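Asker: Take this structure first; my questions come after.
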Amino acid sequence: MAGSTHRFSIEALLIASFSRGACAAVLASAAAVCASAEPSVYPTGTTIYDPARAYNSYVLFAGGDDVSRLVDLTGKVAREWKYTGQPVAFIDPALTDGARGHVFVTLESAEGRGTDLTPGRAQTRVRKTVGEVDWDGKPVWSFGSAAPGGVARQHHDISRLPNGNTLLLANVSYPLPGFAAPLVLDDVAYEVNADGDIVWTWAASDHLDEIGFTADELKLIKGSKNPDYLHVNDLKPVGPNHWYEAGDTRFAPDNLIFDSRNGNFIAIVDRKTRKIVWTLGPHFPPVSEDGTATSRKVPRPVDQISGQHDAQIIPEGLPGAGNLLVFDNQGEAGYPRASVTYTGGSRVLEIDPVSKQIVWQYTGASSGNPGWTFRSTHISNARRLPNGNTFIDEGQIGRFFQVTPDGDIVWEYLNPYPRRGKDAETGRPTLNYSVYRAQPVPYDWAPEGTPHAETAVAPPENAGFRLTSK
């Protein structure tokens with residue numbers, strides 16, 4: 001890919017990718033330059049598209065306007081649903097008896113009432129009812145009334161299981177012995193049947209001693225004033241894999257993989273025993289501070305992950321199948337707080353889950369740029385694609401892109417649908433372009449005849465790209 005493509009994709013968002021904190025720490029003498037965390041004007045929609053090298057598909061995401069959209073890689077909208085979700089998720093037609101175009105969404109929200117729903121977060125909006133809607137937006141399945149208190153409180157993940165049931169992550173609030181917080185926001189897993197009834201449950205607080213925390217670390221966890229002590233942000237079936245076929249029962253396809261943002265660990269739950277049978281973290285060697293070849297050489301043992309999202313085992317049939325893929329935010333997290341690189345960015349890591357070695361990674365340096373140019377300290381996700389590319393949602397700024405195994409950016413899209421609001425103190429209008437999670441969707445998951453285009457988008461030379469006055 002031409003050098004101008006990389007300059008456009010990275011330099012146009014240079015400051016957007018550089019956090020206020022890093023800017024203040026590194027460029028203290030140039031504080032005026034960093035007064036804004038991102039440029040005032042930059043392109044949105046598709047900014048790069050090489051159809052010959054990209055995996056051509058749709059992408060599904062929920063915009064800041066609470067509308068979920070399916071777009072093709074040129075940025076054209078193929079379908080809209082007047083629903084949002086955390087996340088909105090397209091369902092494989094193989095799991096809907098062949099019906100195409102079904103998605104998981106939030107059907108109804110409820111406002112938090114102090115500690116009644118979300119401890120420590122008064123007036124937080126929670127998901128009262130979640131469900132599945134068809135291509136036309138008609139609800140065909142829902143869950144909420146059978147949940148504790150009649151409120152689903154689903155968060156961060158939802159997926160259809162091979163048996164037709166639905167797996168979702170949720171919260172429950174209650175006091176826990178030994179915890180300093182009067183009410184703890186516990187993370188629970190529900191398996192829900194076609195009638196919307198819970199048929200299997202699992203609660204994180206029952207298994208803290210199985211994760212590998214030291215006694216001192218457990219004291220920090222239980223003494224935390226933050227009710228959301230683990231903040232689990234991901235829950236998926238492990239899925240078929242060669243580790244299990246070779247006899248490693250930890251990776252049984254119906255076992256569940258999840259990760260804890262605040263706890264800095266990833267774990268697998270045995271569905272039959274409910275025990276945690278595999279972990280990555282919470283203890284890691286440090287990441288190289290200077291971002292040189294020491295931290296880019298692969299394979300190497302997994303180094304410090306912090307604040308990660310979207311851990312998953314790469315499905316069968318995809319390059320890297322059986323390995324773990326995770327968006328390592330490098331955000332502040334851990335008990336105690338992990339030491340993260342001072343000026344570093346985020347990473348996408350592919351990890352051999354048995355040897356616990358990093359076998360591939362993506363950082364800003366992979367595309368020939370400073371590491372901090374790729375940075376999202378919260379939210380975000382990554383998915384392996386059939387042609388070997390990796391889809392990445394740099395969620396903090398609402399940037400989606402595809403990279404080749406060598407780090408070439410062959411498609412890029414910036415969310416053009418911000419959340420508009422007003423600052424509570426000043427009344428000044430606010431814009432937020434962030435996207436929690438985005439999903440690449442194969443063409444044949446949508447109804448036959450759904451339009452899509454594959455027209456190349458070649459950006460201008462960024463150094464000569466100017467806006468002019470009339």
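The values are calculated or read from the model by the stated rules, or taken from the named source; none is laboratory data. Predicted, not measured: the structure shown is a model, and the values here were computed from it. All Cβ positions, glycine included, derive from the backbone under ideal geometry; neighbour counts span all protein chains shown.
Residue-by-condition table, conditions (1) surrounded by fewer than 17 Cβ atoms within 10 Å (Cβ to Cβ); (2) on the phi > 0 side of the Ramachandran plot; (3) hydrophobic (A, V, I, L, M, F, W, C); (4) touching a strand residue (DSSP E or B) at 6+ places or on another chain (Cβ under 6 Å):
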{"site": "163", "(1), (2), (3), (4)": "yes, no, no, no"}
{"site": "168", "(1), (2), (3), (4)": "no, no, yes, yes"}
{"site": "180", "(1), (2), (3), (4)": "yes, no, yes, no"}
{"site": "192", "(1), (2), (3), (4)": "no, no, yes, yes"}
{"site": "200", "(1), (2), (3), (4)": "yes, no, yes, yes"}
{"site": "216", "(1), (2), (3), (4)": "yes, no, no, no"}
{"site": "223", "(1), (2), (3), (4)": "yes, no, no, no"}
{"site": "234", "(1), (2), (3), (4)": "no, no, no, yes"}
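Asker: When only residues in the range 194-224 that are among the polar types (S, T, N, Q) and part of a loop (DSSP other than H, G, I, E, B) count, which is nearest to residue 262 (Cα to Cα)?
Answerer: So, considering only residues that are among the polar types (S, T, N, Q) and part of a loop (DSSP other than H, G, I, E, B), the one nearest to residue 262 (Cα to Cα) is 224.
Asker: In the range 336-349, which residues are modelled with pLDDT of 95 or more and crowded, with 23+ Cβ neighbours inside 10 Å?
Answerer: 346, 347, 348, 349 - these are the residues of the range 336-349 that are modelled with pLDDT of 95 or more and crowded, with 23+ Cβ neighbours inside 10 Å.
Asker: Still on this structure, I have one more. Filter the range 141-164 for residues that are farther than 23 Å from residue 438 by Cα, free of Cβ contacts under 8 Å to residues at least 40 places away in the same chain and assigned to a loop (DSSP other than H, G, I, E, B) and give the result.
Answerer: Passing the criteria: only 163.
Asker: Has the range 180-193 got any residue that is more than 23 Å from the chain's Cα centre (by Cα) and in a helix (DSSP H, G or I)?
Answerer: Taking every residue of the range 180-193 in turn, none turns out to be more than 23 Å from the chain's Cα centre (by Cα) and in a helix (DSSP H, G or I).
Asker: So, one more: If you scan the range 418-438, which residues turn out to be crowded, with 20+ Cβ neighbours inside 10 Å and either more than 22 Å from residue 328 (Cβ to Cβ) or not basic (Lys, Arg) (or both)? Explain how you work it out, then say what you get.
Answerer: Here is the first cut: in the range 418-438, the ones crowded, with 20+ Cβ neighbours inside 10 Å are 433, 435-438.
433, 435, 436, 438, listed by residue number.
Asker: In this structure, is residue 367 surrounded by 19 or more Cβ atoms within 10 Å (Cβ to Cβ) and more than 27 Å from residue 217 (Cβ to Cβ)?
Answerer: Numbers: surrounded by 19 or more Cβ atoms within 10 Å (Cβ to Cβ): yes; more than 27 Å from residue 217 (Cβ to Cβ): yes.
Answer is yes for this residue.
Asker: Check residue 322 against each of (1) surrounded by fewer than 21 Cβ atoms within 10 Å (Cβ to Cβ); (2) touching a helix residue (DSSP H, G or I) at 6+ places or on another chain (Cβ under 8 Å) and name the one condition it does not meet.
Answerer: Against the list (1) surrounded by fewer than 21 Cβ atoms within 10 Å (Cβ to Cβ); (2) touching a helix residue (DSSP H, G or I) at 6+ places or on another chain (Cβ under 8 Å), residue 322 comes up short only on (1).
Asker: Looking only at the range 122-133, count every residue that is charged (D, E, K, R) and surrounded by fewer than 17 Cβ atoms within 10 Å (Cβ to Cβ) and tell me the total.
Answerer: 1
Asker: Out of all the residues in the range 43-60, is one or more within 30 Å of residue 134 (Cα to Cα), at pLDDT 80 or above and over 22 Å from the mean Cα position of the chain (by Cα)?
Answerer: Scanning the range 43-60 turns up at least one residue that is within 30 Å of residue 134 (Cα to Cα), at pLDDT 80 or above and over 22 Å from the mean Cα position of the chain (by Cα).
Asker: Could you please tell me which pairs satisfy a Cβ distance under 6 Å, a separation of 6+ or placement on different chains, a first residue in the range 442-465 that is within 29 Å of residue 318 (Cβ to Cβ), and a second residue that is part of a loop (DSSP other than H, G, I, E, B) and hydrophobic (A, V, I, L, M, F, W, C)?
Answerer: 447/135
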